[in-house]
Protein chains: 2
Amino acid sequence: MIGARFLEDLSVGEKNITSSVSVSAADIVEFAKNYDPQPMHVGQGVNAGVDSDSLIASGWHTAALVMRLLVDSQPFGSTQLLGLGIDDLRWPKPVRPGDTIAAETEILSIRRSRSQQGYGIVRMRVTARNQQGEIVYGMTSNLWVPCRNP
Amino acid sequence: MIGARFLEDLSVGEKNITSSVSVSAADIVEFAKNYDPQPMHVGQGVNAGVDSDSLIASGWHTAALVMRLLVDSQPFGSTQLLGLGIDDLRWPKPVRPGDTIAAETEILSIRRSRSQQGYGIVRMRVTARNQQGEIVYGMTSNLWVPCRNP
């Protein structure tokens with residue numbers, strides 16, 4: 001546990017690597033039953049001809065798993081990761097049962113908020129890869145970060 | 001249940017409205033414990049001073065809930081909603097316990113794939129509002145849709 005990091009403590013180009021998480025077929029199906037119950041994600045569908053070999057994680061499951069990796073890796077120390085929005089989110093390859101994914105982050109830009117004194121916006125690129133090094137997910141997150149000296 | 005809709009069946013400007021979903025504090029905390037365990041989402045944190053009044057849903061929870069609304073509303077009939085990526089995702093207001101959210105979709109553009117014959121890419125704007133009509137979530141989804149006539 002490290003302390004809070006503020007806007008002034010962050011640097012453009014700063015990188016961070018998360019731990020990894022393995023995804024089981026049961027995990028994929030459980031998430032999908034709640035949030036994305038399509039045959040390719042829940043592994044059933046009489047007409048779709050989907051079998052367990054073709055089961056893939058919902059893209060939103062991948063996004064949620066990567067968020068957990070980011071929270072646990074604390075790139076901003078104990079400062080919360082509060083996203084205003086996301087740009088350029090892509091899922092170039094699906095996540096399949098048994099895959100292990102890990103993410104890396106890089107700070108692209110840092111600026112003070114024009115509308116609210118004491119805060120800034122950090123643009124951070126997030127890239128997640130599977131155990132073969134293939135990119136399964138990428139996005140640019142716009143994060144709201146408090147300043148040490150408003 | 002309606003049949004599959006293909007690329008040729010879709011029109012730019014076409015709109016669709018989903019059903020709605022209510023979000024409880026328990027729902028918010030359960031999702032966050034798994035995927036985004038930060039004080040503002042799990043309602044605890046000795047140093048953060050977060051109480052139940054300030055509990056807000058993880059943005060990824062909102063995204064997942066809206067995906068469920070989209071899947072259930074079947075804007076493309078029984079054709080699966082397979083996203084290649086997302087642009088311009090924003091969370092302008094937080095989702096709070098007791099909120100009810102619903103989404104509307106609008107097709108922005110339709111084009112044939114240059115790389116894979118028989119498929120096309122549909123850009124669809126998704127906007128979700130709470131019970132007060134405030135936008136809590138917006139994004140543009142790039143969806144992979146099969147053609148009827150490859």
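The values are calculated or read from the model by the stated rules, or taken from the named source; none is laboratory data. Please read all numbers here as calculations on a predicted model, not as lab measurements. Neighbour counts are summed over all protein chains in view; Cβ atoms, including those assigned to glycine, are modelled from backbone coordinates with ideal geometry. Surface areas here come from the heavy atoms of the whole protein model, side chains and all, with no ligands, DNA or RNA. Shrake-Rupley method; radii C 1.70, N 1.55, O 1.52, S 1.80 Å.
To the nearest 10 degrees, how steeply does helix B:59-73 sit against the main Cα axis of chain B, on a 0 to 90 scale? That helix lies at roughly 40 degrees to the long axis. Summing charges over all other residues whose Cβ lies under 15 Å from the Cβ of B:Cys147, with Lys and Arg as +1 and Asp and Glu as -1, gives +3. Quick one: net charge around B:Lys33, please, counting Lys, Arg +1 and Asp, Glu -1 for every other residue with C-beta under 13 Å from its C-beta. With Lys, Arg at +1 and Asp, Glu at -1, the neighbours total -3. Between identical copies, the spacing of B:Ser113 label points, each set 7 Å from Cα toward the C-beta atom, reads 4.2 nm from nearest to farthest.
For chain A, the solvent-accessible area with a 1.4 angstrom probe is 47 square angstrom per residue. How far, in degrees from 0 to 90, does helix B:25-35 lean away from the longest principal axis of the Cα atoms of chain B, to the nearest 10? Between the helix axis and the principal axis of chain B, the angle is about 70 degrees.
Counting only residues at least eight positions apart within a chain, or on another chain, the aspartates and glutamates with an alpha carbon under 13 Å from that of A:Lys33 are B:Asp72.
So if I place +1 on the C-beta of Lys and Arg and -1 on the C-beta of Asp and Glu, and nothing else carries charge, what would the dipole magnitude of chain B be about its Cα centre? I want it in debye, nearest 20. Working shown, then result.
Details: 14 positive and 15 negative charges, 124 e Å.
Roughly 600 debye, rounded to the nearest 20.
About its Cα centre, the stretch B:99-150 has a charge dipole of approximately 480 debye under the convention of +1 per Lys or Arg Cβ and -1 per Asp or Glu Cβ, with nothing else charged.
The alpha carbon centroids of the stretch A:80-94 and the stretch B:94-150 are separated by 16 Å.
Can you tell me how the stretch B:1-129 classifies by the Cα gyration tensor, rounded, prolate or oblate, using a/c under 1.5 as the rounded cut?
Working: a/c = 2.87, a/b = 2.33, b/c = 1.23.
Here the stretch B:1-129 falls in the prolate category.
Inter-copy label distances for B:Ile17: 5.1 nm (label point placed 7 Å from Cα along Cα→Cβ; shortest first). Electrostatic tally near A:Gly118: other residues with Cβ closer than 11 Å to its Cβ, Lys and Arg +1, Asp and Glu -1, net +2. Taking the label point 7 Å along Cα→Cβ, A:Glu134 and its counterparts in the other copies are spaced 4.2 nm apart, in ascending order. Along the axis of the charge dipole computed for the protein assembly as shown (Cβ charges of +1 for Lys and Arg, -1 for Asp and Glu, origin at the Cα centre), the listed residues A:Pro37, A:Leu7, A:Ala128 are led at the positive end by A:Leu7.
For chain B, averaging the sequence separation of C-alpha pairs within contact (under 8 Å, six or more residues apart) and dividing by the residue count gives a relative contact order of 30 percent.
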